[in-house]
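First comes the structure, then the notes that go with it.
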There are 4 protein chains.
Amino acid sequence: MTTTVIDSPAFTPAQINLIKQISIAARSLSLGGHDDFNQGQVSARMPGADTFFIKNAITGFDECTPDDILQASTDPEAPKDRLLPPEVVLHQAVYNARPDVNAIVHSHAPHTLVLGATDLQLRAVSHDGAFFEGRTPRFTMTSNTILTLDVAEAVASALGTYPAALLRNHGGVIVGKSIRHATVYAHLLERACALQLTAERVPGGYHSSDEGDIAAKREFNFADLSVRSYWDHCSRQVHRLLPLYASGQVS
Amino acid sequence: MTTTVIDSPAFTPAQINLIKQISIAARSLSLGGHDDFNQGQVSARMPGADTFFIKNAITGFDECTPDDILQASTDPEAPKDRLLPPEVVLHQAVYNARPDVNAIVHSHAPHTLVLGATDLQLRAVSHDGAFFEGRTPRFTMTSNTILTLDVAEAVASALGTYPAALLRNHGGVIVGKSIRHATVYAHLLERACALQLTAERVPGGYHSSDEGDIAAKREFNFADLSVRSYWDHCSRQVHRLLPLYASGQVS
Amino acid sequence: MTTTVIDSPAFTPAQINLIKQISIAARSLSLGGHDDFNQGQVSARMPGADTFFIKNAITGFDECTPDDILQASTDPEAPKDRLLPPEVVLHQAVYNARPDVNAIVHSHAPHTLVLGATDLQLRAVSHDGAFFEGRTPRFTMTSNTILTLDVAEAVASALGTYPAALLRNHGGVIVGKSIRHATVYAHLLERACALQLTAERVPGGYHSSDEGDIAAKREFNFADLSVRSYWDHCSRQVHRLLPLYASGQVS
Amino acid sequence: MTTTVIDSPAFTPAQINLIKQISIAARSLSLGGHDDFNQGQVSARMPGADTFFIKNAITGFDECTPDDILQASTDPEAPKDRLLPPEVVLHQAVYNARPDVNAIVHSHAPHTLVLGATDLQLRAVSHDGAFFEGRTPRFTMTSNTILTLDVAEAVASALGTYPAALLRNHGGVIVGKSIRHATVYAHLLERACALQLTAERVPGGYHSSDEGDIAAKREFNFADLSVRSYWDHCSRQVHRLLPLYASGQVS
């Protein structure tokens, strides 16, 4: 069972707000280079909920509005709206495996994809990479679109307790405890991969942060307050560069 | 014999629609980085027709409107409008060799061009490459503009039954059964080459999808329904970022 | 003690002008690719002053207005406004160590960051690099955000009398005798690093300017008059591409 | 002796038109990535004239209007307007050495600059490179700004009868028989260098066009009619993306 914002004015204010945040997140991902036609998804749920909201199968990150967000059940057996993206099973599997996760991004961001196609370990070249070093397992069972629950559960299993998994020859899956976290982490991952791919190609090698610095960066630079500050900046960028409505009525 | 949309209001609604789609395709190619001054062409025909529509010699992808599209015969011996691009012979040769082809893109897209200049085989680094691995023959007889029928037929021969050919030190030729398919394939090819060129330069090599995944991707990700969905997204992008008319009367 | 422009209309015209210049500098840095969410700072002081003006902790380079600039003391022991960026200590330490410095940029500009992560010496590939060759020490004590005075003083010590320091796996610190100088130098450094990183990856090596040319470039291309001319161009670019106010009342 | 368009309404219609073309050329160069603050120049003369028109020292390519164009003598001994760029001597030396040259571009375009810093020979990776292979001598006497007539004459001597010279660790000088030719050639050179730098970094090497193809490309793709067609496209792009005036009164 699925419903759009417009179909169901009965959503709670908190749910309406979450739906708006998902559409802002989608546009922020577009500004960060995550577009690949209309492929990829971003979803989020209220903590503990057995339904979640997700961008539909047709809409691109770059054009997403609250009306393009659908509600879906975390139960893979529940009937599915025909506009749900086929990869909704990936979101279901991850939500069911990870009670701590309330938002998921799946995209084909180019640098994430290329790093995922190599055997390179993600390194802490910058703050961005420090968040991810040692925490981006590769999923190598298949490089295909995630269409079935068993494959989706295998991705969730590969992801484990980590914030992201690299889907080899496919893209990335990035998760967080809120839509803010997942969106910021998706930006961090793409930037970390871009910087590392540049550093890898320079003769003579490069340094990355040591364990102590990585721990300190995770504590300070990626504290909840920091993530909220980055998200707020992303949201303001969307409102300036890719506003949801010409009249700007979405706040 | 050639006629513009404005010269001949007698075109059928289906032909008018095709002409509009060609101009949207041209602008989508521009957004995808296919511009090289006003060089390159995009053309399409109604299935089975012995005429086709093609961007004229003067107009760039980035500025193409329906008024910039000319009609041409598939017969290389037919008289030619002086505004037809000299490479119209390439389109004629391919249409005559490939009854299944109803649209052709020829461009100097930079990553396609550079990959074509190497001896590298296109690999399935991402979904994009999966569509093309083993299906992009190189045309190496000449790197020149295709000005004569015999060279055009040699390109068509090199292309064979494939969706694209790399013209060494020149660019690419991409074909499809509709303007939607050819445009989407042209985007796929440029993105596949860009991702692979990045992966090639990373020490330690990279993986690409195996035969089973490639087959599955071709069946699912590049099914007609998927291609239509990608095209519709391209079309909406053009309407937002590079609209044909300020008043937006072309739908 | 800190005050915004709007809180304190008692600022002198020269101070108001400096505050406006800082917000223009921030936007120019954004146009030059220095954005990393809302991270990084730019600050400036009137020559000899024991206070300085600095972008607050929340605002990104891309969106900075005069209202987003705070005043801070150069005394690390003075009480701090809660909106001051935590790295304000870096600015305090550098101002105290360098009476000749009246403006500081700290950013995570990508090419500066990657070059800083390597052991490569910055070379005079272009005019830009000529300004910096032999004058960009690396700070390697920590790659973390500069949160304490002792670390900030260690950065100031590494910087010595130079115009910039590379903070390994973190970013860059660029200083100048005016906001114009520091901003122009930050652009020069990012461009120098970008050009060198491209040159490093080309087989066969590259040349860089010799000592005589470097000396001549520093005297002519980076004379005060030249720097002012570059800054004025940056300022006009900001007014065209990223204006502070729709009505353009800031001159 | 120098005069601006506005100072001297007595310019002939042909001269006024040339001045407008120079400002369009400047903006087209900006769109092609030739900006480096306000550095670089573009100049042109009426065939056979002993004066020429040149962008002033203050204005960037991106913001150039007809009012920013100055007239200068080809005689290096003639008194100079203080707003003339110091490198006006380079233009004087080339005009005096090359009666066939009626327009000159000097810029710090990044890929041209990096290729110039290497010992690589420019190769015919694409049509663009075919125009230049074997015709881009390197000037290595100095990498400094060209401030004196003797250095300017040495550049002219290195340029010889060719369409461009690479100024090692400085940038490029591109010449043509008209402003249209010089502008188009400057775009070709930057694109040729960008494509080659990508190809150079790919393992396994790359092919370039053979002598026969190069000759054919020069005859067809770079015939006067082709160059005019490319220029006209550049001009339309400027009017769309970077118009000289909001009201668009310059045609």
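Throughout, read-outs are computed from the coordinates displayed, never taken from laboratory work. Keep in mind that this is a model prediction, so the values were computed, not measured. Here the Cβ is made from the backbone with ideal geometry for all residues, glycine too, and neighbour counts use every protein chain on show.
FRET efficiency for C:His239 and D:Ala78, Cβ-Cβ distance as r, R0 = 41 Å, nearest 0.05?
0.70
The stretch B:56-122: which GluC sites (Glu not before Pro) are DSSP loop and have at most 10 other beta-carbon atoms within 10 angstrom?
Values: sites: B:Glu63, B:Glu77, B:Glu87; in loops: B:Glu77, B:Glu87.
For GluC sites (Glu not before Pro) across the stretch B:56-122 that sit outside H, G, I, E and B with at most 10 neighbouring Cβ atoms in 10 Å, the list reads B:Glu77.
Using a Gaussian network for chain C with springs between C-alpha atoms less than 10 Å apart, which of these wobbles most: C:Pro47, C:Pro79, C:Pro110?
C:Pro79
Between A:Thr161 and C:Met46, how high is the FRET efficiency from 1/(1 + (r/R0)^6) when r is the Cβ-Cβ distance and R₀ = 51 Å? Nearest 0.05.
0.45
Relative to the other copies, what are the label-point distances for B:Ala215, with labels 7 Å from Cα along the C-beta vector, expressed in nm at one decimal and sorted shortest first?
Distances to the matching label points in the other copies: 5.1, 5.1, 7.2 nm.
Distances in nm, one decimal, shortest first, from D:Asp50 to the same residue in every other copy, taking the label point 7 angstrom along Cα→Cβ.
6.7, 6.7, 9.5
At a Förster radius of 60 Å, what calculated FRET efficiency corresponds to the Cβ-Cβ distance of D:Asn17 and A:Ile16, to the nearest 0.05?
0.50
Please state the shape class of the stretch B:121-251: rounded when a/c is under 1.5, otherwise prolate if a/b exceeds b/c and oblate if not, all from the C-alpha gyration tensor. Please report the intermediate quantities before stating the final value.
On the way: a/c = 1.68, a/b = 1.15, b/c = 1.47.
Because a/c hits 1.5 or more and a/b fails to exceed b/c, the stretch B:121-251 counts as oblate.
Over all Cα pairs of chain C, how is the pair count split among 5 Å bins, expressed in % and running from 0 up to the last occupied bin?
Calculated P(r), rounded to whole percents: 1, 7, 14, 19, 20, 17, 11, 6, 3, 1, 0, 0, 0.
If the reach is capped at under 20 angstrom between alpha carbons, list the aspartates and glutamates near B:Lys80, excluding any in the same chain fewer than eight residues apart.
Hits, sequence-local ones excluded: B:Asp7, B:Asp50, B:Asp67, B:Asp68, B:Asp150, B:Glu153.
About the Cα centre of chain B, how large is the charge dipole given +1 on each Lys and Arg Cβ and -1 on each Asp and Glu Cβ? Please answer in debye to the nearest 20.
For this selection, approximately 380 debye.
Work out the mean other chain Cβ neighbour count within 10 Å for the residues of C:191-201 and drop it here as an integer.
5
Express the Stokes-Einstein translational diffusion coefficient of the protein assembly as shown in µm² s⁻¹, to the nearest whole number, given a Kirkwood radius over alpha-carbon pairs, 10 °C and a viscosity of 1.306 mPa s.
Translational diffusion coefficient: 53 µm²/s.
Since chains C and D are linked by a rotation, which residue in C has the beta carbon closest to its axis, and how far is it in Å?
Here the value is C:Arg201, 4.
Along the charge dipole of the protein assembly as shown, Cβ charges K/R +1 and D/E -1, which of B:Pro163, C:Asn169, C:Ala57 sits furthest on the positive end?
Of the candidates, C:Ala57 comes out farthest on the positive side.
Nearest 500 deg cm²/dmol is fine: what mean residue ellipticity at 222 nm does chain D get from its DSSP H runs of n ≥ 4 alone, each adding -39,500 (n - 2.57), divided by its residue count? The partial results should precede the final answer.
On the way: 8 runs with 104 residues, N = 251.
That comes out to -13000 deg cm²/dmol.
Which of these, B:Ile19, B:Ile146, B:Ile54, has the largest mean-square fluctuation under a Gaussian network model of chain B (Cα springs below 10 Å)?
Highest fluctuation of the listed residues: B:Ile146.
Put a label point 7 Å from Cα along the Cβ direction on A:Pro86, then list its distances to the equivalent points in the other copies in nm, shortest first.
Label-point separations across copies, in nm and ascending: 4.5, 4.5, 6.3.
In degrees between 0 and 90, to the nearest 10, how far off the longest principal axis of chain C does helix C:13-31 point, with axes built from Cα atoms?
Taking the Cα atoms of chain C, the angle to C:13-31 is about 40 degrees.
Counting alpha carbon pairs within less than 8 Å and at least 6 residues apart, what relative contact order, in whole percent, applies to chain D?
Rounded, it is 21 percent for chain D.
Going toward the positive end of the dipole of the stretch C:5-237, with +1 on Lys and Arg Cβ and -1 on Asp and Glu Cβ, which of C:Asn17, C:Ala152, C:Ile104 do you reach last?
Looking along the dipole axis, the top candidate is C:Asn17.
Taking θ as phi - 60°, what are the ³J(HN,Hα) couplings along the stretch C:89-104 by the Karplus curve (6.51, -1.76, 1.60), each to the nearest whole Hz, with x for Gly and Pro?
With coefficients 6.51, -1.76 and 1.60, one gets 4, 4, 5, 4, 5, 6, 4, 6, 7, 10, x, 7, 9, 10, 7, 9 Hz.
So which lysines can D:Lys177 reach, going by Cα to Cα under 23 Å and dropping same-chain residues fewer than 8 places off?
D:Lys20, D:Lys55, D:Lys217
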